[in-house]
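Below you'll find the structure, written out as structure tokens, and then a few comments.
The values are calculated or read from the model by the stated rules, or taken from the named source; none is laboratory data. Everything numeric here is computed off the predicted structure, so don't read it as measured data. As a convention, Cβ positions derive from the backbone with ideal geometry for all residues, glycine included, and neighbour counts pool all protein chains shown. To get the accessible areas, we keep the full protein, side chains included, count just its heavy atoms, and leave off ligands, DNA and RNA. Shrake-Rupley method; radii C 1.70, N 1.55, O 1.52, S 1.80 Å.
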Amino acid sequence: MQVLVAGGAGYIGSHAVYQLIRAGHGVIVYDNLSTGQREAVHPEARFVQADIRDQTALETVFAQEAAAGRPVEVAMHFAAKLIVPESLTQPLAYYQNNVEGLRTMLAAMVERGVPNIVFSSTAAVYGEPISPVCLEDSPTLPINPYGETKLACERMIRWVCAAHGMNYAIFRYFNVAGADSSLQIGLNKDQLTHLIPLIMQSALGLRERLEIYGNDYDTPDGTCIRDYIHVSDLAQAHVLGAEYLTQNKGSLLANLGSGHGYSVSEVVAAAERMFSFKWGFAPRRAGDPAKLTADISRARELLGWQPQLSLEQMLRSDYDYRRKISEG
Ligand code: UDP
């Protein structure tokens, strides 16, 4: 199948591209390189540098592929802004990029008859979870513009697909970490905020110490519990999701996590068994719920998907990738 991946030069998009190509699919990476990197584009993918809000450019790509006898069957959407604190200070940029970007992509798809969309959503749509284990039909009450725009996008997709006879796979991600086994791609950003990359920067001596934000939460060891999923497992779910759509099985919305919770102290302890680094406790970070994990039975059942890679493999691959990029 032929897949257009908007945002395919970014962290998760580039991993989806690698897995699609390994599965034998054709890929067009469509990215404006605002945060993505040219080096992250798989050498076997066709690359188009353009903006998701440029409907003419998108339609041109769809038309070119159709004329070449390989019409795009699935469009994947990863081209979004995703930093929660930034979304709180620049909400309009989030509506513009995330909501208007998706609207434009859907308009181009409708115009050119592209029948299927795979969309990156987030556990942030659940907001402050009422229950620590999120099911897809748990209440969605986002507490920041990032989650709010993703929820608006989910709803737009449902309406547009219903009106135009299209199908969707919407995936809500939990805590994504790690790097592709080739170490060609990984999370490469100037400003890292996520736990695992910050641990690895400490282990590589790029940061003085890791701070654990809060040890007085209502959890067994007092630190927050999250559901960490290896980016390659997550990417594989996108391949299965795209195949599900092209096999005309209908639409789906599913959580993607490991289905297993680790506390921050447990992640730090696992990392300490592999690397040496300094850490200490610090005050709570604003907006962190005590426990957030995924029920992943729906993705398992509908896609036959099962995460394969362990927490240790997430830690190791992030370390190896980070060491590689720090050595230039
Ligand atoms: N965390 C931490 N120290 C850090 C970064 C994160 O203790 O330097 C904690 C954070 O408070 C949360 C968990 O690790 O409880 C996961 O945070 P992350 O930013 O990786 O992802 P989030 O769950 O916020 O999407």
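Simple point charges give the picture: +1 on the Cβ of Lys and Arg, -1 on the Cβ of Asp and Glu, and for the stretch 14-132 a dipole about the Cα centre of about 160 debye. For the pair His194 and Asp221, the difference between a 0.36 nm per residue extended length and the Cα-Cα distance amounts to 7.7 nm. Checking the Cα-Cα distances for Lys81/Lys291; Lys278/Lys324; Lys81/Lys324; Lys150/Lys324 against a 29 Å cut-off, the pairs over it are Lys150/Lys324. Taking 0.36 nm per residue of separation and subtracting the Cα-Cα distance, full extension of the segment from Met274 to Lys249 would add 4.7 nm.
For the chain, the solvent-accessible area works out to 43 Å² per residue, with a probe of 1.4 Å and every protein chain left in place. Were the residues from Gln96 through Lys324 laid out at 0.36 nm apart, the gain over their Cα-Cα distance would be 78.6 nm. Computed over the chain, the P(r) tail beyond 31 angstrom holds 28 percent of alpha carbon pairs.
Skipping prolines and chain starts, which residues have an amide H placed within reach, meaning under 5 Å, of the one on Thr122, given they are 5 or more residues away or on another chain? When sequence neighbours closer than 5 places are left aside, the close amide H contacts are Tyr173. Put one equal scatterer on each alpha carbon of the stretch 133-223, apply the Debye formula with no solvent term, and list log10 I(q)/I(0) at q = 0.22 1/Å to two decimals. Results for the stretch 133-223 at q = 0.22 Å⁻¹ read -1.20.
Only sites in a loop by DSSP and with at most 10 other Cβ atoms within 10 Å count here; which GluC sites (Glu not before Pro) in the stretch 262-327 make the cut? List each step's numbers first, then the result.
Details: sites: Glu266, Glu272, Glu301, Glu312, Glu327; in loops: Glu327.
Answer by residue number: Glu327.
Around the Cα centre of the stretch 159-263, unit charges on the Cβ atoms of Lys, Arg, Asp and Glu (plus for the first two, minus for the last two) sum to a dipole of about 300 debye.
Using Cα centres only, tell me the gap between the stretch 136-162 and the stretch 30-58 in whole Å. Rounded to whole Å, the Cα centres lie 25 Å apart.
Between the stretch 225-252 and the stretch 272-328, the alpha-carbon centres lie 18 Å apart.
Could you look at the chain and say what percent of its accessible area is carbon and sulfur, using a 1.4 Å probe and all protein chains? Summing carbon and sulfur atoms, their accessible area is 49 percent of the total for the chain.
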